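Colleague: Before I ask anything, here is the structure I am working with.
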Amino acid sequence: MREKLDEAVFVPRTFARAGLIRPTNPIRLLKWFGVMRRWGTSIAGGYAGAAVRQPDSIAIIDDAGSLTYAEVDQRANAVARGFAAAGIGPGDGIAVLCRNHRHFVEVIIAADRIGANLVLLNTMFAEPQVSEVCDQESPVAIVYDEEFSDKVVGASESRVAFVAWTDQPDESSSVTLDQLRAGQSTAPLEPPPAPGRIIILTSGTTGKPKGAQREQPSSLAPAASLLDAIPLRAGGRTLIAPPLFHSWGMAHFSLALLLGSTLVLQRGFEPRSSLMMAARHGVDALVVVPVMLQRMVDLPPEALRGVDLSRLRVIAASGSALPGELALRVMDRFGDVLYNLYGSTEAAHATIAGPRDLRDAPGTAGRPPRGTVVRLFDEDERAVVEAGVTGRIFVGNDLGFDGYTGGQTKHHIDGLMSTGDVGHFDADGRLFVDGRDDEMIVSGGENVFPREVEDLLSDHPGIAEAAVIGVADDEWGQRLRAFVVRVGEGGPDEAELQDLVRGQLARYKVPREVHFIDELPRNATGKVVRRELNSD
């Protein structure tokens, strides 16, 4: 009872601070209440409600221009009716292979309005992966951008196919979404028996991608906890640079909808053009993954001369490790507006680090937001470890996933879910992620987590980025091999980097080999794909 009372106070207070509770036209407010009573807190309901409450506000700005909330709502209704006319109904799956743009958003809304499930495909998949995932998840339809036609050849043979973004609609091999919606009514639909689910594929850095499914939140408390830690404001403009098919991009899509904010979307990320777009449209929140931040701060000052980012209040980063040195560079360049979220597709958010923590303890993943529990267990999973001691990270909150579509789930202890990472808390309660549990390297009987060595190497001014893996060794069991990307020509050699590690870390953490490469292999969300590093 006490927790419910606390939540009843916390949610409206946080929403009021975010500007969500404000004077509204009473007639529109009554209509909004009617819409929300019918649709609940689903994505479909969120856009229907926004179309009533703020119909003329800009909902989306993308490479094709802008759309108001009323326009998006009507376009999504027509797409939903087009889907239904094509035989797609409640519980059916729709696979989506799209970049960030208006059509992707419309498909998300339309699917929810007919109770269909979305399978969000990674645009970096090759044709065999697209076919394999579609066979695994069994969608009845696939929506794709024309540029990915060659990737959906196999998947589209036995499914209804629609083209989302195309520069030449008259030459499209499939029905376009514009053609699908033509002639369809834009009037509101009746809610389906149950809202659709969104299936986000795990990044697949260590194996076959798996579908992680979750129901849409039944409460606004999780959103309030994020807004309490990250000062996003209602009616702002948010540029989402990561793909919407990634959990970090989808999270901010949902938050922007809740806040009635404008989504600023680009079909592709390029550091200078993305920052210029943020300036041109007066963006106050920029959503990124760390590798995007690295490329932004690496831009020479003259590249951004005249680019006004004074309205930027929040840079929200997640998706992979944020090195402490990079966090400091970002804040020195753009101001103390950086917020780093640590979590996973399965567990959602675990901790959030704001500017103060990132200044005081560079490299920290931050602290658990309200409503989230983080505990670190020892190797035997019997006890919680003390501050300063490395343990396996387990998380509990209201946004944990419902399991993989194949029936498996993550390991749990006392209702808390494993993230697959190990880390430690400092004396002030800040979490530090030391690495993946399955990436631990045992060399000569000593445990080594690559993250510590990678961060040290990356801090060298002549090094852009580094990755460390373990390879088999007859004498030591495993030895460390580092892959390093230099900054420009020249730079440190193998011996210098080995001396650097030897001078600051234990000797068993010194890489026996250092390989210099042009770039680290990464997936669409910026995570290093370690299996693609040469481990022979």
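Colleague: Given the C-alpha centroids of region 347-362 and region 99-136, what is the distance between them in whole angstrom?
Modeller: Result: 31 Å between the Cα centres.
Colleague: Let me ask something else. With angles folded into 0 to 90 degrees, how steeply does helix 102-113 sit against the dominant principal axis of the chain? Use alpha carbons for both and round to 10.
Modeller: Roughly 70 degrees between the two axes.
Colleague: Quick check: Cα centre of region 473-536 to Cα centre of region 155-205, how many Å?
Modeller: 44 Å
Colleague: Any idea what angle helix 271-280 forms with the longest principal axis of the chain, computed on alpha-carbon atoms, 0 to 90 degrees, nearest 10?
Modeller: Roughly 40 degrees, rounded to the nearest 10.
Colleague: Next question, about the same structure. Kindly express, to the nearest 10 degrees and within the range 0 to 90, the angle between helix 494-504's C-alpha long axis and the longest C-alpha principal axis of the chain.
Modeller: 90 degrees
Colleague: Next question, about the same structure. Starting from 0.36 nm per residue, how many nanometres of slack lie between residue 33 and residue 332 once their C-alpha separation is accounted for?
Modeller: Working: separation 299, 0.36 × 299 = 107.64 nm, distance 4.45 nm.
Result for the pair: 103.2 nm of gain on full extension.
Colleague: Can you give me the Rg/Rh ratio for the chain, using Cα atoms for both radii and the Kirkwood formula for Rh?
Modeller: Rounded to two decimals, Rg/Rh equals 0.97.
Colleague: Ranked highest first by average number of other Cβ atoms within 10 Å, how do 91-97, 435-441, 485-491 line up? Mind showing how you got there, number by number?
Modeller: Details: 91-97: 22.7, 435-441: 17.6, 485-491: 12.0.
Ranking the peptides 91-97, 435-441, 485-491 by packing returns 91-97, 435-441, 485-491.
Colleague: Student exercise: in the chain, how many lysine pairs 8 or more apart or on different chains have Cα atoms under 26 Å apart?
Modeller: Close lysine pairs found across the chain: 9.
Colleague: Quick check: the distance between the Cα centres of region 1-78 and region 221-288, to the nearest angstrom?
Modeller: The distance from the Cα centre of region 1-78 to that of region 221-288 comes to 16 Å.
Colleague: Same structure, new question: Return the long-range amide H neighbours of residue 421 (sequence gap of 5 or more, or a different chain), with a cut-off of under 5 Å between placed amide H atoms.
Modeller: 393, 437
Colleague: Would you mind checking which residues have amide H under 5 Å from residue 398's amide H? H placed 1.01 Å from N; only 5 or more apart, or other chain.
Modeller: For residue 398, no residues qualify.
Colleague: Separate question: Just going by the charge dipole of the chain, with Lys and Arg at +1 and Asp and Glu at -1 on Cβ, which of 177, 492, 19 is farthest out on the positive end?
Modeller: Sorting the options by dipole projection puts first 19.
Colleague: Turning to a different aspect of this structure: Efficiency by 1/(1 + (r/R0)^6): what FRET value for residue 411 and residue 387, r their Cβ-Cβ distance, R0 = 25 Å, to the nearest 0.05?
Modeller: Values: r = 23 Å, r/R0 = 0.94.
For R0 = 25 Å, the calculated efficiency reads 0.60.
Colleague: As I understand it, the dipole of the chain uses +1 on the Cβ of Lys and Arg and -1 on the Cβ of Asp and Glu, about the Cα centre. Which of 55, 318, 97 lies farthest toward its positive end?
Modeller: Most positive-ward Cα: 55.
Colleague: So, one more: Which of the peptides 285-298, 461-474 is most tightly packed, and how do the rest follow, going by the mean number of other Cβ atoms within 10 Å of each residue? Write out the running numbers ahead of the final one.
Modeller: On the way: 285-298: 22.2, 461-474: 17.3.
Descending packing order for the listed peptides: 285-298, 461-474.
Colleague: For a Förster distance of 35 Å, can you work out the FRET efficiency between the beta-carbons of residue 86 and residue 56, rounded to the nearest 0.05?
Modeller: Details: r = 32 Å, r/R0 = 0.90.
E(calc), rounded to 0.05, equals 0.65.
Colleague: ³J(HN,Hα) across region 71-78 via Karplus (A = 6.51, B = -1.76, C = 1.60, θ = phi - 60°), whole Hz, x for Gly/Pro?
Modeller: 5, 4, 4, 5, 5, 5, 4, 5
Colleague: Another question, then. Starting with the fewest neighbours, write out 36, 124 ranked by other beta-carbon atoms found within 10 Å of each beta-carbon. Working shown, then result.
Modeller: Values: 36 17, 124 14.
Going from least to most buried by this count: 124, 36.
Colleague: Mind giving me the nanometre distance, one decimal, between the label points for residue 168 and residue 360, set 7 Å out from Cα along Cα→Cβ?
Modeller: Inter-label distance under the simple model: 5.9 nm.
Colleague: Could you give the dipole magnitude of the chain about its Cα centre, charging the beta-carbon of Lys and Arg +1 and that of Asp and Glu -1, in debye to the nearest 20? Don't skip to the end; give the middle numbers.
Modeller: Numbers: 55 positive and 72 negative charges, 515 e Å.
Roughly 2480 debye, rounded to the nearest 20.
Colleague: As I understand it, the dipole of the chain uses +1 on the Cβ of Lys and Arg and -1 on the Cβ of Asp and Glu, about the Cα centre. Which of 236, 404, 387 lies farthest toward its positive end?
Modeller: 236
Colleague: Using a 10 Å cut-off on Cβ atoms, rank the peptides 19-26, 349-356, 242-249 from the highest mean neighbour count down. Present the calculation step by step, with values, prior to reporting the outcome.
Modeller: Working: 19-26: 11.8, 349-356: 22.1, 242-249: 24.5.
Ranking the peptides 19-26, 349-356, 242-249 by packing returns 242-249, 349-356, 19-26.
Colleague: Pop out the ³J(HN,Hα) list for region 82-91 in order, Karplus 6.51 cos²θ - 1.76 cosθ + 1.60 with θ = phi - 60°, rounded to Hz; leave Gly and Pro as x.
Modeller: Calculated HN-Hα couplings, in order: x, 4, 4, 5, 8, x, 8, x, x, x Hz.
Colleague: Considering only the chain, what is the antiparallel percent among its DSSP beta bridges, to the nearest 5?
Modeller: Details: 47 of 83 bridges.
Bridges in the chain that DSSP calls antiparallel: roughly 55 percent.
Colleague: How big is D, in µm² s⁻¹, for region 217-370 by Stokes-Einstein at 20 °C and 1.002 mPa s if Rh is the Kirkwood radius over C-alpha pairs? Kindly include the intermediate steps, with their values, before the conclusion.
Modeller: Values: Rh = 15.5 Å.
Rounded, D is 138 µm²/s.
Colleague: Quick one: net charge around residue 113, please, counting Lys, Arg +1 and Asp, Glu -1 for every other residue with C-beta under 11 Å from its C-beta. Kindly include the intermediate steps, with their values, before the conclusion.
Modeller: Details: positive: 81; negative: 73, 106, 112, 190.
Residues close to residue 113 contribute a combined charge of -3.
Colleague: Could you work out the local net charge near residue 482, counting Lys and Arg as +1, Asp and Glu as -1, over the other residues with Cβ closer than 10 Å to its Cβ?
Modeller: Working: positive: 481, 512; negative: 454, 494, 513.
So the surrounding residues net to -1.
Every number here is computed from the coordinates shown, using simple stated rules; none is lab data. Note that this is a predicted model, so its numbers are computed, not measured. Here the Cβ is made from the backbone with ideal geometry for all residues, glycine too, and neighbour counts use every protein chain on show.
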